[in-house]
Amino acid sequence: MSGKPMGTMAINASLPKKASVVIVGGGIQGLCCAFYLTTFGIKDILVLDAGYWQGGASGRNGTLIRPGFGGPEWTELFKLSCDEWSRLSRKLGENVMFTKRGYSMIAERAETAAMLERAADVHRDLGVHSYFVSREELPRHLPAINHRRVAATLHLPDGGVAPHHAAMKGLRAACERNGVQVFYRTAVTAFDRTGGRASAVYVGQYRIDAGTVVVAAGGQNLQLADLAGTKLDGYSMRIEAMALEPIRPLIKPALALIDSLAYFHQTSRGEIVGGTEVPERPRMSLATDLPVMAATAKVYLDMFPQLAEVRVLRHWAGMIHVSSDFGPLLGEHPDLKDLWFSAGWSYGFAGAPGAGLLLAKAIATGDIDSRMRPFAIDRFDRGKPVAEAGIVLAKN
Ligand SMILES: Cc1cc2nc3c(=O)[nH]c(=O)nc-3n(C[C@H](O)[C@H](O)[C@H](O)COP(=O)(O)OP(=O)(O)OC[C@H]3O[C@@H](n4cnc5c(N)ncnc54)[C@H](O)[C@@H]3O)c2cc1C
């Protein structure tokens, strides 16, 4: 056994004694994996989550979704995921409220504009619809933006947003309808490694035999990897976001300001929701910080001066786990058979349906899709990190 079985935890009497697949983490990654596994005919799937419903990053994010990034690896994976987002309501039989309001990648510096030129070539080669918004068209595309700061705008009309409450509710309902058992407030505390494989998980003293274990524990992925006696690349980091009070429609597309490391959009209720990345001392805390709020407010005002009088409505933080190249860690762990990860997610809301589909296909059929292969867990040991310039994340 690896990890410490704990004796004091209250155990839900209806927990099963075995499952074909145990998924550790009931955020959007875990639920997507569970849902797509059911579409491959897998039965007896169990999702265990330590926290409360939507308590992880999947209930705390900006909800922005895009099909294209700077490089081919991210673009291929996220194009698949964005395509899945547009089919998800139909597949789940639940309305996830994905709206294609478009997504604009904005450069403020000449070097970043050049990166967007290369990104547009990647998009064209991979069948992602994107186009540059000219200086003349910009006032119509983003009337309120401070045009003087914008060096280039690459627009992806198929991107958009989906409120996390709708997506999570839809996924959970479809999972449960397809027979998946989902338990919150149920932490996995240890793994059994008998026979060189992940053969069981423990919830306190309670043992659950598993055919396959998938870890999708967000900001806690590294702790789970430790409990399983394995190692995972990367570190946990906090991200903060902020909502401004509702105002008349001002910004239609979702936005990534690549140089300001910021992302935001205006919700259908009129709130401006987003955040910016401020490098800080790593810590596992969901407390919000005034400096981050001030930095976000500065980006809002630099780009949209009309927001000067608008009040802050809410401000919150979430934990994510990021890998050294910021790309996801997807697949079976090279050191322990039957232990899979969907980890390292910085854009894990946008990427969830695509990752869930590919992971489920790999577990159910053994076929590792070419869109998943670059994000293999051992890529750093092989000297094959995935370079990506089209993200808005600061290295700690
Ligand atoms: C402020 C903010 C803004 C963001 N904006 C965006 C965005 O606009 N677009 C985008 O694509 N992404 C965004 N992200 C990132 C995105 O939210 C995450 O990448 C994504 O939610 C990760 O999903 P997950 O299911 O892996 O993790 P989570 O949703 O965090 O779920 C992990 C779950 O694992 C559970 N868990 C932990 N330990 C255990 C254990 N021992 N046993 C059982 N369960 C356990 C936790 O309780 C948790 O519910 C943002 C994140 C934040 C915080």
Hey, residue 323 hydroxyl-bearing (Ser, Thr, Tyr), within 10 Å of the ligand (Cβ to nearest atom) and surrounded by 18 or more Cβ atoms within 10 Å (Cβ to Cβ) or not:
no
Could you please tell me which pairs satisfy a Cβ distance under 9 Å, a separation of 6+ or placement on different chains, a first residue in the stretch 224-242 that is aromatic (Phe, Trp, Tyr), and a second residue that is part of a helix (DSSP H, G or I)?
235/222
Qualifying residue in the stretch 30-38 (condition: assigned to a strand (DSSP E or B) and either at pLDDT below 95 or surrounded by 23 or more Cβ atoms within 10 Å (Cβ to Cβ) (or both)):
no
From 187, 167, residue being buried (at least 21 other Cβ atoms within 10 Å of the Cβ), within 26 Å of the chain's Cα centre (by Cα) and modelled with pLDDT of 95 or more
167
Between a first residue in the stretch 340-363 that is closer than 10 Å to residue 84 by Cβ and a second residue that is near the ligand (Cβ under 6 Å from one of its atoms) and part of a helix (DSSP H, G or I), which pairs have beta carbons less than 6 Å apart while being 6 or more apart in sequence or on different chains?
352/28; 352/29
Failed item in (1) part of a strand (DSSP E or B); (2) assigned by TED's automatic domain parsing to the domain that holds residue 197; (3) surrounded by fewer than 17 Cβ atoms within 10 Å (Cβ to Cβ), with residue 331 passing the rest:
(3)
Among the residues of the stretch 286-315, which ones are closer than 21 Å to residue 252 by Cβ and of a type in the set (A, V, I, L, M)?
299, 301, 303, 307, 308, 310, 313
May I ask you to list the residues in the stretch 149-180 that are more than 13 Å from residue 35 (Cβ to Cβ) and assigned to a loop (DSSP other than H, G, I, E, B)?
150, 151, 157, 158, 159, 162, 163
Residues of the stretch 211-267 satisfying the condition of being over 21 Å from the mean Cα position of the chain (by Cα), hydrophobic (A, V, I, L, M, F, W, C) and more than 9 Å from the ligand (Cβ to nearest atom)
228, 244, 247, 250, 251
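State which residue is nearest to residue 138 (Cα to Cα) when the search covers only the stretch 215-262 and only residues that are outside any strand (DSSP E or B) and of a type in the set (D, E, K, R).
252
Could you please let me know if residue 212 is free of Cβ contacts under 8 Å to residues at least 60 places away in the same chain, in contact with a Leu (Cβ under 9 Å, 6 or more places away or on another chain) and either closer than 23 Å to residue 58 by Cβ or part of a strand (DSSP E or B) (or both)?
So residue 212 does not fit the description; no.
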Does any residue of the stretch 284-292 turn out to be modelled with pLDDT under 95, buried (at least 17 other Cβ atoms within 10 Å of the Cβ) and either in a loop (DSSP other than H, G, I, E, B) or under 18 Å from the mean Cα position of the chain (by Cα) (or both)?
no
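The values are calculated or read from the model by the stated rules, or taken from the named source; none is laboratory data. All values reported here derive from a predicted model rather than from experimental measurement. As a convention, Cβ positions derive from the backbone with ideal geometry for all residues, glycine included, and neighbour counts pool all protein chains shown.
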